[in-house]
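Bear in mind that the values in this text are calculations on the coordinates, not laboratory data. Since we're looking at a predicted model, the values are computed, not measured. We place every Cβ from the backbone using ideal geometry, glycine too, and count neighbours over all the protein chains shown.
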Amino acid sequence: MRHSEKRITLLEELRAGWRAARRGWVLDDELSDAVWNAVKAAIQEGIVEQADRQTRIDLAALVGRPVPRALRITDFGRDVLVYAHSRTAVAPSPREPAPGEQLVKLLPAQMETLRVFVGVGHRLTRPPVAGLPERVEAAVFSPVEKRWYLCLTPEQMESAAYAMSLRTTVFSCAEENRFRREYGVRVRRGQG
């Protein structure tokens, strides 16, 4: 389990173990062993607070046994948890391609290439084809796959391939090579 995953698991366990009678304090034996490695960092980050001596004495009186350690989630920790869950829950799904369209999944660098192409299109002798700017604007990012999804027609695919070839000539051939390999669209340079 990565450190960030342990941190979120710790926050989830603290939220699940919350008791009104204990003012939100969760006792050490109520947490899984997997999260204890994340406690020190979580305290330093301000997402978790550790009970001081007097609070542990009060908790011990409440539960009828010694309390060596107790933790609770801070307001900032609650916000971190909300943000962490909303980030994964809001991942939009791409629309289904219409007849004659293809779902294209672009790396961020490829998408940036299309954005630049669309942005300077009015100055090019071979501007983006009709509808490509709108498709680029409507693209959806998948944080899981780390790809931009958009549905393109064959003409828009060729125009996107042309954008990749412009980038290749100026910067890097990686984007064009990947696009050609994944979608089979090749640009013949020098054709107007």
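Some observations on this one:
- Reference-scaled alpha-carbon Rg (2.2 N^0.38 Å with N residues) for the stretch 136-175: 1.32
- Straightening the chain between TRP18 and ASP52 buys 10.5 nm, computed as 0.36 nm per residue apart minus the Cα-Cα spacing.
- Calculated volume of the Cα convex hull per residue in Å³ (choose from (1) 163; (2) 115; (3) 680), label: (1)
- The charge dipole of the chain, taken about its Cα centre with unit charges on the Cβ atoms of Lys, Arg (+1), Asp and Glu (-1) only, comes to about 400 debye.
- Spin-label model, VAL120/VAL170: points 7 Å from Cα along the beta carbon direction are separated by 0.2 nm.
- Taken about its Cα centre, the stretch 112-163 carries a charge dipole of about 140 debye when Lys and Arg each add +1 at the Cβ and Asp and Glu each add -1 at the Cβ.
- Candidates GLY100, GLY184, ALA42 compared by Cα position along the dipole of the chain: farthest toward the positive end lies GLY184, with charges placed on Cβ.
- Those trypsin sites (Lys or Arg not before Pro) in the stretch 94-192 that DSSP places in a loop and that have at most 10 other beta carbons within 10 Å: LYS146, ARG188, ARG189
- Comparing PRO127, PRO68, PRO108 in a Gaussian network model of the chain, where Cα atoms under 10 Å apart are tied by springs, the biggest mean-square fluctuation is seen for PRO68.
- Were the residues from HIS85 through ARG178 laid out at 0.36 nm apart, the gain over their Cα-Cα distance would be 30.2 nm.
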